[in-house]
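*Asks:* Below is one structure. I have some questions about it.
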Amino acid sequence: MERLDVWYERYARDHVAKLPADVDASVFGLAYNLLHLSYVLVADLESHIHRPKGWTLPGFRLMFKLWLLGPTRVSDLAEMSAMTRSAVSNAVNTLQRDGLVERRGVPDDRRSVMVALTDQGRQAVSAAFEEQNRREREWFATLTEPEREQLAELVRRLIAARPRD
C-alpha cells in the first residue's frame, strides 16, 4: 500500500494540473516534496537529538556556527541562519540562560553584540553534532555519494537563485 504522504502529493499534483494554464504542477510537486522533506527532517532531528537536550534545531544551528566560527556578531548570525535578529536574540537568551553561550560587547561598535560559546557550550555542541551526523547518515544512506553531492549542489543553486523582494 502506498504511504499516505506519497499518495497526497500525487493527488494534489494531479488536481493542481487541472487548474488554469499558468499553474505548473511539476514545480508544485518539487516544492511540496522539498518542504515536506524539510519539515520531516527538522522534526526528526529535533525529537531524536535536540529536544532531549532542551534545545531546538535553530538553537543548535546557532551554536554550531559559533563552534566553527568563534565569537560572531548577532547580525551576522541572523544573516547566515536566515533568521531575524529578534529570533537570534531570543535563541541566544535561552542558550545564555542555560550556560551554553555568552554575550560580549564589541569594542569598536557599542551597538553590536558578539556571541560566543562557553566551554560547556563547546562540549555540548561537539557531542550533539556527532549524534546529528549519525542521524543524517541514516537519512541519506539511500543515496550514493555522487547523488548526495548532486542533490546538495542543486539545492545550493536554488538557494542562490531565490526570488528577492
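Yes/no matrix, rows are residues, columns are (1) in contact (Cβ under 8 Å) with a residue 40 or more places away in the chain; (2) among the hydrophobic types (A, V, I, L, M, F, W, C):
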| site | (1), (2) |
| --- | --- |
| ASP24 | no, no |
| LEU45 | yes, yes |
| ILE49 | yes, yes |
| LYS65 | no, no |
| SER75 | no, no |
| MET80 | no, yes |
| MET83 | no, yes |
| SER86 | no, no |
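*Asks:* Restricting to the range 102-122, give me the number of residues that are loosely packed, with under 15 Cβ neighbours inside 10 Å and in contact with a Leu (Cβ under 9 Å, 6 or more places away or on another chain).
*Replies:* Looking only at that region, the number is 1.
*Asks:* Something else: List every residue pair whose Cβ atoms sit under 9 Å apart, with the two residues 6 or more apart in sequence or on different chains, where the first one lies in the range 138-153 and is on the phi < 0 side of the Ramachandran plot and the second, anywhere, is surrounded by fewer than 12 Cβ atoms within 10 Å (Cβ to Cβ).
*Replies:* PHE140/GLU147
*Asks:* In the range 1-39, how many are of a type in the set (Phe, Trp, Tyr) and surrounded by 12 or more Cβ atoms within 10 Å (Cβ to Cβ)?
*Replies:* Result for the range 1-39: 3.
*Asks:* Would you mind telling me which numbered condition in (1) touching a helix residue (DSSP H, G or I) at 6+ places or on another chain (Cβ under 9 Å); (2) more than 27 Å from PRO52 (Cβ to Cβ); (3) not β-branched (Val, Ile, Thr) LEU117 fails?
*Replies:* For LEU117, the exception is condition (2).
*Asks:* In the range 58-84, how many are surrounded by 13 or more Cβ atoms within 10 Å (Cβ to Cβ) and either of a type in the set (D, E, K, R) or not assigned by TED's automatic domain parsing to the domain that holds ALA127 (or both)?
*Replies:* Total meeting the criteria: 4.
The values are calculated or read from the model by the stated rules, or taken from the named source; none is laboratory data. What you are looking at is a predicted structure, and each value in this text was computed from that prediction instead of being measured. Counting neighbours? That spans all protein chains shown, and the Cβs are built from the backbone with ideal geometry, glycine included.
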